[in-house]
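Participant: Handing you a structure now.
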Amino acid sequence: MKFKIGDTTDTALCIVLKHEFLRCEDSFNDFAESAKIMIMQGENRRIAYKTYNAYARFIHHLYEFMIGAIARDRQNTEKLPSEMADKYIASHTQRNLTNRREAILNGTAGAWENHISFYPEKVPDTFAEEFRKFRNKVSAHVNYERSDLSLSDFYEKNHKYLGLLYFDVKSWWGRLENEFPDLKEITSFSVLIKDTPLSKLQV
């Protein structure tokens, strides 16, 4: 469905984009905390499981956010073919990579920034497709290939590019006012049954 910036569809889409980013941020923070435990206390199956799940959620929500943001850029909610979605994501990631490299080279990057050698000039041709593939198989769908799909290898090859996307998105969609945002039915959710005394409620 086509829409215009500022109309009711756009307003609703912005609410769910905010929600999706907050989910992405929560999963990234869960991953960072779990990875810290893994580094500090050593690896075992339980912590590997928790860290894997947090990173899988991060991939899932970041990918979903990007697809929603693409829909807003196009002003069209119609589902994109995978190949076109890959092109959008690859292009956006490349723009972020180029901007990051230029900031390092011209001296405007923060003191915390990685050395220029950390960032290649070009995003790998396989990145966007792998991003989609891992979103589908490690998080979104029950797929027999998951047990043999190395999320460790994906992390080593592609985490820097996910980081570029995440922190770019966070610079805008991560802003919070003094109060938590009103996300309509999302933040109106309640397990309390209206007009029922607390003494009669069971969970």
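The values are calculated or read from the model by the stated rules, or taken from the named source; none is laboratory data. Here the structure is a predicted model, which is why all the values come from computation and not from measurement. Here Cβ is always computed from backbone atoms with ideal geometry, including for glycine, and neighbour counts include all displayed protein chains. These accessible areas exclude ligands, DNA and RNA; they are computed on the full protein's heavy atoms, side chains included. Shrake-Rupley method; radii C 1.70, N 1.55, O 1.52, S 1.80 Å.
Participant: Which FRET efficiency value, to the nearest 0.05, is calculated for Ala48 and Tyr144 with the Förster distance at 22 angstrom and r the Cβ-Cβ distance?
Facilitator: Between Ala48 and Tyr144 the formula returns 0.65.
Participant: So, one more: So which aspartates and glutamates pass the test for Lys87, namely a Cα distance under 20 Å, with those fewer than 8 places away in the same chain ruled out?
Facilitator: Candidates past the 8-residue exclusion: Glu64, Asp73, Glu78, Glu121, Asp125, Glu129, Glu130, Asp168.
Participant: If r is the Cβ-Cβ distance from Lys2 to Phe167 and R0 is 22 Å, what FRET efficiency results, to the nearest 0.05?
Facilitator: Efficiency, from the Cβ-Cβ distance: 0.10.
Participant: Let me ask you something else. Tell me, which longest segment in the chain has none of the trypsin sites (Lys or Arg not before Pro) that fall in DSSP loops with at most 15 further Cβ atoms within 10 Å?
Facilitator: It runs 5-78.
Participant: Strictly greater than 21 Å: what percent of every Cα pair in the chain meets that?
Facilitator: 62 percent
Participant: Using a Gaussian network for the chain with springs between C-alpha atoms less than 10 Å apart, which of these wobbles most: Glu145, Glu20, Glu179?
Facilitator: Its mean-square fluctuation being the largest, the pick is Glu179.
Participant: With respect to the cross-link table entries Lys50/Lys79; Lys50/Lys157; Lys137/Lys160; Lys18/Lys160, which display a Cα-Cα separation exceeding 29 Å?
Facilitator: Correct reply: Lys50/Lys79.
Participant: Show that you can apply the helix-only estimate: for the chain, add -39,500 (n - 2.57) for every DSSP H stretch of four or more residues, divide by all residues, and state [θ] at 222 nm to the nearest 500.
Facilitator: -21000 deg cm²/dmol
Participant: Using a 1.4 angstrom probe on heavy atoms only, work out the carbon and sulfur share of the accessible area of the chain in %.
Facilitator: 53 percent
Participant: Between Glu129 and Asn106, what length in nm is gained on full extension when 0.36 nm per residue of separation is reduced by their alpha carbon distance?
Facilitator: Difference between extended and current length: 5.1 nm.
Participant: Provide the per residue accessible area, probe 1.4 Å, for segment 4-104, rounded to a whole number of square angstrom.
Facilitator: 56 Å²
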